[in-house]
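Asks: Right, I'll just put the structure down here and ask away after.
The values are calculated or read from the model by the stated rules, or taken from the named source; none is laboratory data. Worth saying up front: this structure is predicted, and the values here are computed from it rather than measured. Note: ideal-geometry Cβ built from the backbone for every residue, glycine included; neighbour counts use all protein chains shown. Accessible surface is based on the protein model in full, side chains and every heavy atom, while ligands, DNA and RNA are left aside. Shrake-Rupley method; radii C 1.70, N 1.55, O 1.52, S 1.80 Å.
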Amino acid sequence: KLFCLTYAGGTSKFFQGLSAELPNTIECIGIDYAGHGVRHKEPLYSSFNEMVQDISNQINRNLSFNDRIALLGYSMGSLVAYEIIAKNLLEIKPEKLFVAAHNAPSISSINKSYSTMTDEEFVEFILNFGGIDEVFLKNRRFWPIYLPPIKNDYRLLEQYDFDQEKRILNLGGGVFYSEEDTPYADIEPWKKVFSENPPIYKFKGSHFFLKKYENLIANIIAEAFI
């Protein structure tokens with residue numbers, strides 16, 4: 001089972017294409033954050049740690065005896081996945097961690113209080129990532145519904161504080177990134193949190209490069225499970 005944690009403001013639907021590319025031997029399970037996707041009626045998290053604990057619980061509910069599992073974190077989901085494993089919150093130890101589109105935990109990514117921007121400033125900011133549904137973002141009628149979950153996710157990211165004494169993860173995996181999105185200098189330190197030096201895969205494109213390379217990334221993940 002491959003448990004997939006998405007980006008700030010995203011939903012589990014982001015991984016549908018990847019799921020279709022994976023072999024039948026790997027079950028791709030996208031997990032929605034509270035207040036997002038199929039869980040949109042649930043209250044938003046008040047803290048980053050609350051999010052980590054809740055997603056751990058969601059994963060544990062999907063585990064069966066003798067499951068082989070791995071985690072894939074995309075953007076914000078990379079930090080959530082890392083924290084879940086570092087804190088040993090799962091009932092089954094993951095074999096692999098794949099992270100994508102986010103700098104290493106030791107590199108601060110939030111240098112500005114994005115969550116306190118005006119709606120106009122925030123919309124302009126997230127449009128720069130590309131891949132966002134501009135129909136909703138450019139129609140102010142949708143802002144009261146669409147923006148609060150995304151802004152709250154950025155508020156949670158602003159809370160994140162990497163513990164320099166954090167345990168190194170005793171597993172392997174892989175790191176996916178695009179230089180156009182995140183410079184290699186901010187990606188390379190991911191190696192320091194894995195006991196097994198993870199390969200780093202470079203792609204081209206915006207923050208949402210996964211959508212262009214779903215087949216290739218699915219193949220990399222599948223081969224890692226052999």
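Asks: Please report how many Lys pairs in the range 138-226 have alpha carbons closer than 19 angstrom, counting only residues at least 8 apart along the chain or sitting on separate chains.
Replies: Lysine pairs meeting the criterion: 8.
Asks: Reported to two decimal places, what Rg/Rh ratio describes the range 1-76 when computed on Cα atoms with Rh from the Kirkwood expression? Present the calculation step by step, with values, prior to reporting the outcome.
Replies: On the way: Rg = 12.5 Å, Rh = 13.0 Å.
With Rg and the Kirkwood Rh in hand, the quotient comes to 0.96.
Asks: Mind ranking 6, 11, 116 by accessible surface for me, highest first, 1.4 Å probe?
Replies: My answer, sorted largest first, is 116, 11, 6.
Asks: For the range 50-118, state the average projected area of the convex hull of the C-alpha atoms over all orientations, rounded to one decimal in nm².
Replies: Across all orientations, the range 50-118 yields a mean hull projection of 5.6 nm².
Asks: Got a sec? What order do 195, 56 fall in by accessible area at 1.4 Å, biggest, i.e. largest, first?
Replies: Working: 195 65, 56 0 Å².
I get 195, 56, largest accessible area first.
Asks: Further, regarding this structure: At 1.4 Å probe size, put 182, 25 in order of accessible surface, largest to smallest.
Replies: Heavy-atom accessible area, descending, gives 25, 182.
Asks: Further, regarding this structure: What accessible area per residue comes out for the range 1-146, rounded to a whole number of Å², with a 1.4 Å probe?
Replies: 48 Å²
Asks: For the Cα atoms of the chain, what angle does the longest principal axis make with the long axis of helix 48-60, in degrees from 0 to 90, nearest 10?
Replies: 50 degrees
Asks: Let me ask something else about it. Amide H to amide H, which residues 5 or more places from residue 169 or on other chains are under 5 Å from it, using H placed in the peptide plane?
Replies: Under 5 Å from the amide H of residue 169 lie the amide H atoms of 194, 195, each far enough along the sequence or on another chain.
Asks: Long-range amide H contacts for residue 7: which residues qualify at under 5 Å (H placed 1.01 Å from N, peptide plane, sequence gap of 5 or more or a different chain)?
Replies: When sequence neighbours closer than 5 places are left aside, the close amide H contacts are 77.
Asks: Right, something else. Are there trypsin sites (Lys or Arg not before Pro) in the range 13-63 that DSSP marks as loop and that have at most 15 other Cβ atoms within 10 Å, and which are they?
Replies: 41, 61
Asks: In whole percent, how big is the carbon plus sulfur part of the accessible area of the range 1-127, probe 1.4 Å, protein atoms only?
Replies: About 45 percent, which is the carbon plus sulfur part of the accessible surface.
Asks: Over its Cα atoms, what ratio of radius of gyration to 2.2 N^0.38 Å does the chain give?
Replies: Cα Rg divided by the expected 2.2 N^0.38 Å: 0.96.
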